[in-house]
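Trainee: Here it is, the structure, as C-alpha cells.
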Amino acid sequence: MAASNLEALLPVYLIFGKEELLLERALRRLRDMVAAEGDPDFDFDTFSGENAKADDVIAAANTLPFIAPKRLIVVRDADKMSAEELGLLAEYAKNPSPVATLVLAASSIARNTRIYKAVDALGGVSEYAAPKKSELPGWVSKLFLAKGRTITRDGAETLVRAVGKDLRRLDSEADKVIAYAGEKQQLERADVEAVVVQSAPTSIFEFLDALGAREAASALALLGDLIDSGESLPGIQAMSLRHLRSLIGIVSLRDRGMSSGEAARALKLADWQYRNLARQAERFRAEELIEALRGAAEGDAKMKTSQGDPRLVFERWVVSVCDRSGHSVTGRA
C-alpha cells in the first residue's frame, strides 16, 4: 500500500503474512492517515475475523465518513472467517463503496479463494513476507532510519547476529540501542554490543549453509560463534564431512540424469532438504568436493598428531573449501 493519503487508497485490500509486526505496521500507517485527515472515533472501524459477520463489515463500509474523505474498515484475522462470510465480502469487492477502504488482514490466504481473486482483480493483494536471512541487516538499517537514526552495516549485522530473525525483538532491541545512544545519530557496533544481550545461539546448520554457499567470511564468523558457545571442534568437523558427502551424492545423482524427486528419495532427504542442498551443490564441481574430503582427512591427521593448532587447521580448511579460484582444497596449516 504505497498511497500517501486516504483518497489515494483502493476500496479493498487483502494483506497477509506470517510476521505480525509487518502487518501491524501497515495497519498503523492507515490508522495514522485517518487521524491526520479525520476522526478515528467516527471514521475508523475494526473487526475480529473470529466473530465478524460480513453484513456488519459491509454496513460499516457503506456508512458515510464523518470528517475524513474515506472511512477505514479493518478486519483482523480475516482468514478465521468462514468461507461463506468471505464469499459475501468477495461479492462486496465487485461493487465496493467509493467512500470507504476495507482492509482484510490475514496470516495466510489461499490464492484460489473467491476473496483473493476478487481483491486481486482490484490490485489490492499484498503479501508481507519476512525478509530472508541475507536481507535482515538491510531491513535493520531501514528500521533505524524509520526511527530517525542510521546504523552502520557492521552494527546492523551485529544486532541480527545477537537477536536472530525475530522481527518484533529486533524492533524492540533497536529501541533500546537508540535510548542508550542518546542524541547520537550514527549508531555502530559498539552501541549494539553495549545494550543487546546475545539470545540467538548459532546453529550448526547455519554454519553448514554458509560453507555450502562458499561464503568464507560468514562461515568463519559462525564457526567462531559455535566454538565460543561450547560446540566441540570434532563435532563440527564431523557434521561438515557429512554435509560434503551429501553434496557429493547430489552431484553424482544429478550427473546421472536422475530427477530431483528421485534423488531426494535415494538420499533419504525431505524435499526442502534436497532443494537447499541442491542449490549449494550447484556451486561446486564434483572434483572440488572430492578434494575437500581429502583436505579434511589431511587436516584430521594433523589435529590428531598435534601438528598445528586444531582450530587454525580447520579454519584454513574452511577457507579453502570456500575458495572459488580453483586452488586445491587442503587442510595444510
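Bear in mind these aren't lab numbers, they're just calculated from the coordinates by the rules spelled out. This structure is a prediction, so every number in the text was calculated from the model and none was measured. All Cβ positions, glycine included, derive from the backbone under ideal geometry; neighbour counts span all protein chains shown.
Trainee: About the Cα centre of the range 133-195, what is the dipole size in debye to 20, counting +1 per Lys and Arg Cβ and -1 per Asp and Glu Cβ, all else neutral?
Mentor: So the magnitude is around 180 debye.
Trainee: Answer with one residue from G49, A105, A35: the one whose Cα lies farthest towards the positive end of the charge dipole of the range 9-127, charges on Cβ with Lys, Arg +1 and Asp, Glu -1.
Mentor: Value computed over the given set: A105.
Trainee: While we're on this one: Using only alpha carbon positions, build the gyration tensor of the range 66-137, then give the equivalent ellipsoid semi-axes as the square roots of 5 times its eigenvalues, largest first, whole angstrom.
Mentor: So the three semi-axes of the range 66-137 are 24, 18, 12 Å.
Trainee: For n ≥ 4 DSSP H runs only, could you compute -39500 (n - 2.57) per run for the chain, divide by its residues and tell me the 222 nm figure to the nearest 500? Please report the intermediate quantities before stating the final value.
Mentor: Details: 16 runs with 189 residues, N = 333.
Rounded to the nearest 500, it is -17500 deg cm²/dmol.
Trainee: Rounded to the nearest Å, what's the spacing between the alpha carbon centres of the range 5-59 and the range 133-153? Just the number, please.
Mentor: 26
Trainee: Also: Jot down the per residue volume, in cubic angstrom and as a whole number, of the convex hull over the alpha-carbon atoms of the range 9-127.
Mentor: 87
Trainee: Any idea which of A292, V160, A264 is furthest toward the positive side of the dipole for the chain, if Lys and Arg beta-carbons carry +1 and Asp and Glu beta-carbons -1?
Mentor: Projecting each Cα onto the dipole axis, the largest value belongs to A292.
Trainee: Could you tell me which residue out of H243, Y92, V75 lies farthest along the dipole of the chain toward its positive end? Charges go on the beta carbon: Lys and Arg +1, Asp and Glu -1, centred on the Cα centre.
Mentor: H243
Trainee: How do the peptides 69-80, 241-252, 32-43 rank, highest first, by the average count of neighbouring beta carbon atoms within 10 Å per residue?
Mentor: 69-80, 241-252, 32-43
Trainee: Under the √(5λ) rule applied to the eigenvalues of the Cα gyration tensor, what semi-axes describe the equivalent ellipsoid of the range 133-195? Give them in Å, descending.
Mentor: For the range 133-195, the ellipsoid semi-axes come out as 16, 11, 11 Å.
Trainee: How long are the three semi-axes of the equivalent ellipsoid of the chain, in whole Å, if each is the root of 5 times an eigenvalue of the C-alpha gyration tensor, listed from largest down?
Mentor: Semi-axis lengths for the chain are 50, 27, 14 Å.
Trainee: What ranking do M303, M81, M239 get, fewest neighbouring Cβ atoms within 10 angstrom at the top?
Mentor: Fewest-to-most Cβ neighbours within 10 Å comes out as M239, M303, M81.
Trainee: Angle between the Cα long axis of helix 233-255 and the longest principal axis of the chain, 0 to 90 degrees, nearest 10?
Mentor: 80
Trainee: For the chain, with only Lys/Arg (+1) and Asp/Glu (-1) charged at the beta-carbon, what is the dipole magnitude about the Cα centre, in debye rounded to 20? Kindly include the intermediate steps, with their values, before the conclusion.
Mentor: Numbers: 45 positive and 49 negative charges, 245 e Å.
So the magnitude is around 1180 debye.
Trainee: Can I ask one more? With only Lys, Arg, Asp and Glu charged, each at its Cβ (+1 for the first two, -1 for the last two), find how big the charge dipole of the range 17-138 is about the Cα centre; round to the nearest 20 debye.
Mentor: Values: 16 positive and 20 negative charges, 97 e Å.
Computed charge dipole of the range 17-138: roughly 460 debye.
Trainee: Which FRET efficiency value, to the nearest 0.05, is calculated for I204 and E183 with the Förster distance at 45 angstrom and r the Cβ-Cβ distance?
Mentor: Calculated transfer efficiency: 0.60.
Trainee: Something else about it: Tell me, Kirkwood radius of the range 234-298 from alpha-carbon pair distances, in Å?
Mentor: Working: mean 1/r = 0.0827 Å⁻¹.
After inverting the pairwise mean of 1/r, the radius is 12.1 Å.
Trainee: Quick check on my link table: of K80/K142; K70/K147; K165/K268; K18/K176; K80/K117, which ones sit more than 22 Å apart, alpha carbon to alpha carbon?
Mentor: Over 22 Å Cα-Cα: K80/K142; K70/K147; K165/K268; K18/K176.
Trainee: Kirkwood Rh, the range 204-322, all Cα pairs: how many Å? Walk me through the intermediate numbers first.
Mentor: Details: mean 1/r = 0.0678 Å⁻¹.
After inverting the pairwise mean of 1/r, the radius is 14.7 Å.
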